[in-house]
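Just below is one structure, and these are the notes that go with it.
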Amino acid sequence: QVQLVESGGGLVQPGGSLRLSCAASGRIFSIGTMAWYRQNPGKQRELVASITSGGRTNYADSVKGRFTISRDNANNTVYLQMNSLKPEDTAVYYCNANIGLQFRWGQGTQVTVSS
């Protein structure tokens with residue numbers, strides 16, 4: 001059973017930083033693209049950032065220059081460093097990974113940016 005487990009969410013003031021982590025576990029031979037999405041109630045889930053197995057990254061325009069995605073292939077983990085956080089970054093953040101040609105999702109972690 002392959003699982004993705006996120007951690008690192010929480011409450012932070014505007015301008016602050018958080019680092020999200022997502023670790024994949026189970027019977028894994030290789031992982032393709034890994035990504036972070038976010039979603040608010042009543043809205044579509046949107047791509048925040050993605051990273052290929054070779055390290056190529058892609059970011060939503062709204063987070064460029066503030067967020068950085070990275071991965072540790074040896075430990076099947078993807079990270080999202082979020083700096084200069086804004087109230088509009090508030091959402092549930094979900095990890096996604098292409099494992100065994102299937103896209104897997106984590107359970108989500110809440111990020112709240114508020115003073």
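Per residue, region 2-53 exposes an accessible area of 55 Å² to a 1.4 Å probe, with every protein chain left in place. Scaling the Cα radius of gyration of the chain by the globular reference 2.2 N^0.38 Å produces a ratio of 1.01. Relative contact order of the chain: 37 percent, from C-alpha pairs under 8 Å at least 6 residues apart in sequence.
Ligands, DNA and RNA left out, the 1.4 Å accessible surface of region 11-68 is 46% carbon and sulfur atoms. So for the pair S115, D61, with labels modelled 7 Å out along Cα→Cβ, what separation do we get in nm? Calculated label separation equals 2.8 nm.
Here the Debye sum runs over all C-alpha atoms of region 69-115 as equal scatterers in vacuum, and log10 of I(q)/I(0) at q = 0.24 Å⁻¹ comes out as -0.99.
Basic side chains Lys and Arg get +1 at the Cβ, acidic Asp and Glu get -1 at the Cβ, and with that the dipole of the chain about its Cα centre reaches some 120 debye. Under the combined filter of DSSP loop state and at most 11 neighbouring Cβ atoms within 10 Å, region 25-75 retains these trypsin sites (Lys or Arg not before Pro): R27, K43, R56, K64.
The values are calculated or read from the model by the stated rules, or taken from the named source; none is laboratory data. Every value quoted in this text rests on a predicted model; they were computed, and no experiment measured them. A quick note on method: Cβ atoms are made from the backbone with ideal geometry, for glycine too, and the neighbour counts reach across all protein chains shown. We work out accessible area using only protein heavy atoms, side chains counted, and drop any ligands, DNA or RNA first. Shrake-Rupley method; radii C 1.70, N 1.55, O 1.52, S 1.80 Å.
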